[in-house]
1. Scan segment 306-323 and give yes if some residue there is modelled with pLDDT of 95 or more, crowded, with 24+ Cβ neighbours inside 10 Å, within 27 Å of Val443 (Cβ to Cβ) and among the hydroxyl-bearing types (Ser, Thr, Tyr), otherwise no.
2. Show me the strands (runs of 3 or more DSSP E) entirely contained within segment 586-633 in which 2 or more residues are modelled with pLDDT of 95 or more and farther than 23 Å from Tyr554 by Cα.
3. When the residues of segment 84-108 are filtered to those that are in a loop (DSSP other than H, G, I, E, B) and not charged (D, E, K, R), which remaining residue is surrounded by the fewest Cβ atoms within 10 Å (Cβ to Cβ)?
4. I want to confirm something. Restricting to segment 375-414 and keeping residues that are surrounded by fewer than 24 Cβ atoms within 10 Å (Cβ to Cβ) and out of contact with any strand residue (DSSP E or B) (no Cβ under 6 Å at 6 or more places or on another chain), which single residue is modelled with the lowest pLDDT?
5. How many residues, within segment 344-400, are of a type in the set (Lys, Arg) and in contact with a Gly (Cβ under 8 Å, 6 or more places away or on another chain)?
6. Answer yes if at least one residue in segment 213-223 is closer than 21 Å to Gln149 by Cβ, in a loop (DSSP other than H, G, I, E, B) and either assigned by TED's automatic domain parsing to the domain that holds Lys156 or among the β-branched types (Val, Ile, Thr) (or both), and no otherwise.
7. Note down all Cβ pairs under 7 Å where the first residue falls in segment 109-131 and is in a strand (DSSP E or B) and modelled with pLDDT of 95 or more, the second is surrounded by fewer than 19 Cβ atoms within 10 Å (Cβ to Cβ) and of a type in the set (Gly, Ala, Ser), and they're at least six residues apart or on different chains.
8. Would you kindly identify the strands (runs of 3 or more DSSP E) lying entirely within segment 347-424 that contain at least 1 residues that are small (Gly, Ala, Ser)?
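The values are calculated or read from the model by the stated rules, or taken from the named source; none is laboratory data. Please read all numbers here as calculations on a predicted model, not as lab measurements. Note: ideal-geometry Cβ built from the backbone for every residue, glycine included; neighbour counts use all protein chains shown.
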Amino acid sequence: MRTIHYHLSVFLILLSVCHICAARQIYVHAGSQSRSTDGSQDRPFKTITDALKIVRAGDTVIVREGVYRESLRMPGGQPGKPVSLQAAEGERVVLSGAVPVTGWKEYRDKIYVASLNFKPERLLVNNHAQPVARLPEDGWWTAKAVEEQTIIDAEKLRTLDSDLVGGEAYIMTMHGHVYFTVPITSLDRVNGKLTVIPQKRSMVMGKDDKYFLKNHPSLIDSPGDWAVLKHEDAWRIYFWPVAVADLDAVEAPCERRTILHVDRVKHVRISGLEIAAGALNGLEVTRSEDVVIERCIVHNHGSRGIQLRDVNDITVRRCICLYNYYGVILIESKGVVVEENEIGYSGVDGLIISWKTSDVTARRNYIHHHLLWGHPDNIQLYQGVTNVRLTDNLLLGSGQGIMMQETSDGLIQGNMVVGCMAVPVIFGHKNAENYRVHNNTIVFGGGVCMSLTAHYYDVQENIFVTGQSSPMYSVIGVRGYEGRRNVFFNAQGIKGRPIMVSDRGWHRTFREYRGKTGYDQESVFGDPRFRNAPESFAVVDDRRISDCSRETLYLRKGLETLRPGDFVEVNFDGVLRRIVDLGRETITISPALPAKPLTPSLICCWGRNDNLSLDLRLQANSPGATLSESGGPVGSTIDIAAYQRGDFDADGRRDLPALPAELEPKQEKAEAD
């Protein structure tokens, strides 16, 4: 009998321990009406913070729909027992770093004013950034001269009818294209002089720099414009709403802490959340291991959308990262997978892999429309990066497609790199080396398709097309180059121009290039015959950007391939326009652009073809259709339309989370930082 009681006691103890250790589901609902809460489905917590306080290894926190204005720090789990934070199935859960702006009062005409206890850098209406009031309304003015901290421009500054002290000037320097904002300290309208205060030593201005004035109430002249000025102990927000009802939807990002931070823990899963409108960073993982982030939407953050620093074994999968200043950044990390994400419309770069990061795979991502400030890249690698695999990514519309320095031992395979202001793929600074470049389609840049400057490149079965008269390729000072079965082309109608650059000179024919270098003996020169693609490509001239209007654009290159009546597309915006006039340096288009260009716009000329659906797979009669070693096509086989639908395996089903309608891109004034 004693033995029976002993075994029964042990069984009850073990049962109790198993009950205590069992994984739980802890519920959160911002709209909970429960007076007492325990995290059960019937009595959920009202805040995620409260739920995370009781989490144990293996638990899952399920968050119901609502807006949660919290800054969270995730706890960790144990091997095989991760801690999970996820949105309830089919419900929209928003972690927000913004506060509603309330208390609006009519200021004058259609302009309203409200007060905040902080200075907002951005103003959002239904998650769309509103344009800061500025002059000129779009485009740039040009500094005729600069004396220390004073811009001299009598033609423009004498016309101002108000004092702009307290406002700001936004500067684009012509030496290196550095962009910065500086406060206005005085305005001499009689002599046309504007004095500003540079905040850093790098803020050096010079003659012919471009500038515009912004962020002063007197500049508000159209719906959507806003400005902020300090008044005693508060900041006053002045806003002309598109509709009065918009005043109920105005928010200002204020949270300077990371919205969702995973720090010094292991075994974490995060899924289904919308992380929005932080003053700085949205989602950050630091000094952690075994973290999976999937099906999240990260948008409208003042600095990084997603940042990974000093981490190992991290996966970012099937997330959408839009409208952040930077998209996704990896720093001093290893064992990271970034797959099947959309990263777009960042202020600067899309995906950055930097500072001794190693063993990274970025595959099947759609990274696009990085066309604004600084030197925007769809992907950038720098500072001691090793063993990176960039495979099957679609990179569309950027300053540069893939920019590399101080990186080695990598693979670039199966990507489409399409449309850049400068060079689509740059192995730069003579220190980006030992790369395999296989089966990529690299097309339409303002310069050569690919620039090789270091050593040991294996370049096979790619397609390179400039779309204009620049050489297609640059191989200078390179040791250990091997190129095979590549297709090279510039555009129809380009004659007598150098097409390749090597240590042996500038080569006007492909035969000359092969004969003098011995390179690319199995490669061919010829039109790759894509299924549907622009006939040629051009870039707006950055030196003449302040002379551009909404209809007339000064081009850097590519005019020789254009004809009046041709259809063009600007910055891959999907809008069909026509060339109505062609000058020595300009094209005039109709319909006009919604605003003058702020940065060198990308011009795709479709000839007489009015179908803008881009498809860079090869036709059966392409010279590259059977060129590969296996007898199949060279280049990438990405289905561009499928990627743009969020369908990365082209099975007809969207792999990404549904994007709320209010986050769909719309044409607006570009916003300065």
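1. Looking through segment 306-323, at least one residue is modelled with pLDDT of 95 or more, crowded, with 24+ Cβ neighbours inside 10 Å, within 27 Å of Val443 (Cβ to Cβ) and among the hydroxyl-bearing types (Ser, Thr, Tyr).
2. Correct list: 615-618.
3. If we take residues in segment 84-108 being in a loop (DSSP other than H, G, I, E, B) and not charged (D, E, K, R), then Gly90 is surrounded by the fewest Cβ atoms within 10 Å (Cβ to Cβ).
4. This residue is His375.
5. Of the residues in segment 344-400, 2 are of a type in the set (Lys, Arg) and in contact with a Gly (Cβ under 8 Å, 6 or more places away or on another chain).
6. yes
7. Partner pairs satisfying both residue conditions: Ala114/Gly103; Ser115/Gly103; Ser115/Ala234; Leu116/Ala234; Val125/Ala249.
8. The strands (runs of 3 or more DSSP E) meeting that bar are 351-354, 358-363, 394-398, 400-404, 407-413, 416-420.
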